[in-house]
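**Student:** Just dropping this structure here.
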Amino acid sequence: MMSLLPNEILLEIFSHMSLQQVYKMGTVCRSWQRQRDLAIYTVIRRQAKLHICASPKLKKGSMIDLALSSFNESTGMLEFKPVSPVSSAFSATSDNDHFNADIQGLRMVYSGWSHDVQPAYQKSLSPVERAQYAFHHEYNPIHQKLYLLPHYDSDNQQQRFWCGDLSVGALILLEKFAPFESVRIVLARVSIPWLLSGYPGRGPTFTKTHILKQRLKLNILGPDAGYVISNALTGTILKNDEDHGTVTRHSGTTAIGRWQHLNQELILRHIDPLVIWKYHIVQLFILGKSTLPLDEIITKIYIGEKEWEKMKPRLAKALLDKEQPSSSIRVSLTSRLRNLFHYNQY
């Protein structure tokens, strides 16, 4: 009977919920799923903007803004396009503020994401405990992730290709002009789960079922562009560039090659590969800007994660013992302690 609610009443109900709650309501039935997606689109279209940056640190000088242009109801993908066509290019020319086309990774974030204000009960922690809490527990791979670009042999042809992560539904279409050593961002397509997973708290969990749905969406990428898209949950790369007269290399000298190698080594050591983006030194290694060897990088990750595993019980006890939280924040604290021992899988 709930599925027979008029759309107007359903949208009114959704208007009193958070975006994460609205998303969960869409699992009731197919008609609710459609109204859920439309409700989320209605909320975010007023101020939605993507920031794509060629630097892991999100420097303003290397950032390009994309505004929401459309929503595809059949695929559930949101499409963003550059605010200004001129500002959508990474170029090697010195006449403007653009950047070298030889970039290997892009970071993409949504303007609506923000971090929680530090709750009062966290102030009872020691500086070391607070730093560990912020570094590990508040880490969100969606915020830090780099979307790796393929390395194409230079030629005189205009090239279009997709990069991104298929497992979360984040795709970027780029256009490369070899003679001018520039790369232009044509558009970006992201899924609603990707967008919601960047908000504080437990967002949508990406599963193999979701990956299969995303795999079907490759059909909407169009025949005029190749793609080299990663799958972070499996550590694999999906390629389709044979028809574009280019040769794609994924050796240890490319960002994609280094990422795959690192991913495989971490799995062999029973370390979750999703943790890599929290370590800035790993980002530098993948981009080829670190002098440290792979073994040393892996050792640093292993030590950092093991220390965090040991600290979690002590941190939970410290949050409970050092200061009894007031009733107004007890629910939030309980939720955070529960999540402390259930790592989000994005």
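**Student:** What is the calculated FRET efficiency for THR42 to LEU292, with r their C-beta to C-beta distance and R₀ = 51 Å, to the nearest 0.05?
**Tutor:** Values: r = 47 Å, r/R0 = 0.93.
After rounding, the FRET efficiency stands at 0.60.
**Student:** Figure the gain on full extension for LEU238 and LEU284 (residue separation times 0.36 nm, minus the Cα-Cα span) and round it to one decimal in nm. Could you put the intermediate results ahead of the total?
**Tutor:** Details: separation 46, 0.36 × 46 = 16.56 nm, distance 2.35 nm.
Between LEU238 and LEU284, full extension yields an extra 14.2 nm.
**Student:** Once the Cβ-Cβ distance between GLU307 and GLU12 is put in as r, and R0 is 51 Å, what FRET efficiency do you end up with, to the nearest 0.05? Walk me through the numbers on the way to the answer.
**Tutor:** Numbers: r = 49 Å, r/R0 = 0.95.
Taking R0 as 51 Å, the efficiency between GLU307 and GLU12 is 0.55.
**Student:** Computed FRET efficiency, Cβ-Cβ of GLN33 and SER69, R0 35 Å: what is it to the nearest 0.05? All intermediate terms of the calculation are to be shown ahead of the outcome.
**Tutor:** Working: r = 23 Å, r/R0 = 0.64.
About 0.95, to the nearest 0.05.
**Student:** Given the pairs LYS145/LYS300; LYS57/LYS289; LYS49/LYS289; LYS24/LYS81, which span a C-alpha to C-alpha distance of over 21 angstrom in this model? Walk me through the intermediate numbers first.
**Tutor:** On the way: LYS145/LYS300 19 Å; LYS57/LYS289 14 Å; LYS49/LYS289 29 Å; LYS24/LYS81 28 Å.
Listed pairs above 21 Å: LYS49/LYS289; LYS24/LYS81.
**Student:** Local charge sum around ILE40 (other residues, Cβ-Cβ under 13 Å, Lys/Arg +1, Asp/Glu -1)? Provide the component values of the computation, followed by the final result.
**Tutor:** Working: positive: LYS24, ARG34, ARG36, ARG45, ARG46; negative: ASP37, GLU73.
Overall, the nearby charge balance is +3.
Read-outs throughout are calculated quantities, based only on the coordinates presented, and are distinct from any laboratory measurement. Not measured: the values here are computed from a predicted model. We place every Cβ from the backbone using ideal geometry, glycine too, and count neighbours over all the protein chains shown.
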